[in-house]
1. Quick check: is even one residue across segment 185-204 more than 30 Å from residue 403 (Cα to Cα) and either more than 15 Å from the chain's Cα centre (by Cα) or assigned to a helix (DSSP H, G or I) (or both)?
2. Does residue 318 qualify as being within 28 Å of residue 256 (Cβ to Cβ) and either outside the structural domain of residue 354 (by TED's automatic domain parsing) or touching a strand residue (DSSP E or B) at 6+ places or on another chain (Cβ under 9 Å) (or both)?
3. Please verify whether residue 387 is modelled with pLDDT of 95 or more and closer than 16 Å to residue 348 by Cβ, treating the condition exactly as stated.
4. Run residue 61 past the list (1) at pLDDT 90 or above; (2) in the same structural domain as residue 242 (by TED's automatic domain parsing); (3) under 24 Å from the mean Cα position of the chain (by Cα) and report the number of the one that doesn't hold.
5. Do we have residue 226 as touching a residue at least 40 places away in the same chain (Cβ under 8 Å) and not in a loop (DSSP other than H, G, I, E, B) here?
6. The conditions are (1) surrounded by fewer than 19 Cβ atoms within 10 Å (Cβ to Cβ); (2) touching a helix residue (DSSP H, G or I) at 6+ places or on another chain (Cβ under 6 Å), and residue 392 fails exactly one of them. Which is it?
7. Within segment 85-96, count every residue that is within 14 Å of residue 172 (Cα to Cα) and either at pLDDT below 70 or out of contact with any helix residue (DSSP H, G or I) (no Cβ under 6 Å at 6 or more places or on another chain) (or both).
8. Is it fair to say residue 79 is in a helix (DSSP H, G or I), within 30 Å of residue 166 (Cβ to Cβ), under 25 Å from the mean Cα position of the chain (by Cα) and at pLDDT 80 or above?
């Protein structure tokens, strides 16, 4: 028997051989043990489900944390759909469904005002926090789902008892859900970008949408069953709280399972603290586990830091030209950032040509400066040597040091002619 080809679909697919048996001239396809492949109905259905719900090339086409994230994301979507069904019943009551005294016009007006409040909420939230959604995608993903649960709780427990204020209540909850839509959609895109390691973001996003649609369909039937079989308000409230708890728990587990390898401020400070203490860099999985996904940060600096700020504040506090010249002299002529502490914060002033990895370097110098405010002026090259060591260790640990998720304002300046 002569083997012509050996074939496998992905790294987990079954292997096949294309061979010519000894007494034949025709090439046949056999399994690795020499038997002809037999396709069962179960295998066909499993293969169809995988192609429908998982990105092409799974698991090689997605990040290592994809499966853990999707398990909890599926659970939270199911719980959210069920609680949404329970809350929808109260919303329809608030709009006057089943009330003989209510008119179609009043329900229409309420619906239009509710939608208008939602549109306004989207615009205001995008203006207020739009730039922070990439930086703290885990936190905002969790906050969005908690806010969604809060909005549904208001609809379920307030609308039936205060029908005269239904328009106001629905406007408030719709505005809250609008914030959820903006924050949830934006952070989902950020996480999808992380999972899509083959530049296959559209495929990963499409399959994620298919998974969510499938789960929502199942959750809708469960919610419908609960609404028709449970008439006691106390039991409805109990089921709502149970599924809300499951929803929040699954969301926490989902965002905690994500292992981002790009530094935001929280992850960068955790890594820097370990480096300054033990001269080592924690792996991304450990840093992501230590990162807080609720409120606050695991590690914080002793002063507020602003990156990419205007020199207007600096020149208003340091008006003497010799002091400015001394400040510039603390840095190398090739450096594309300056660091100066003013009354309210430590400012990082960026050159027009600065690159993302140099912003990481600037933040490293700020952290060193806040440990010892004489380091940059007196021990510049020691700080530079430590940065080079940290950069090398971070790359070996698997971090992406060519981009960052630090909050950087847009002011740029030049001081080379000083």
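The values are calculated or read from the model by the stated rules, or taken from the named source; none is laboratory data. Quick caveat: nothing in here was measured; it's all calculated off a predicted structure. When we count neighbours, we look across all protein chains shown, and the Cβ atoms used for this are built from the backbone with ideal geometry, even at glycine.
1. No, that holds for no residue.
2. Working: within 28 Å of residue 256 (Cβ to Cβ): no; either outside the structural domain of residue 354 (by TED's automatic domain parsing) or touching a strand residue (DSSP E or B) at 6+ places or on another chain (Cβ under 9 Å) (or both): yes.
Judged against the criteria, residue 318 is not a match.
3. Working: modelled with pLDDT of 95 or more: yes; closer than 16 Å to residue 348 by Cβ: yes.
In short, yes.
4. That leaves (2) as the condition not met.
5. yes
6. Residue 392 satisfies all of (1) surrounded by fewer than 19 Cβ atoms within 10 Å (Cβ to Cβ); (2) touching a helix residue (DSSP H, G or I) at 6+ places or on another chain (Cβ under 6 Å) except (2).
7. 1
8. Spelling it out, residue 79 is indeed in a helix (DSSP H, G or I), within 30 Å of residue 166 (Cβ to Cβ), under 25 Å from the mean Cα position of the chain (by Cα) and at pLDDT 80 or above.
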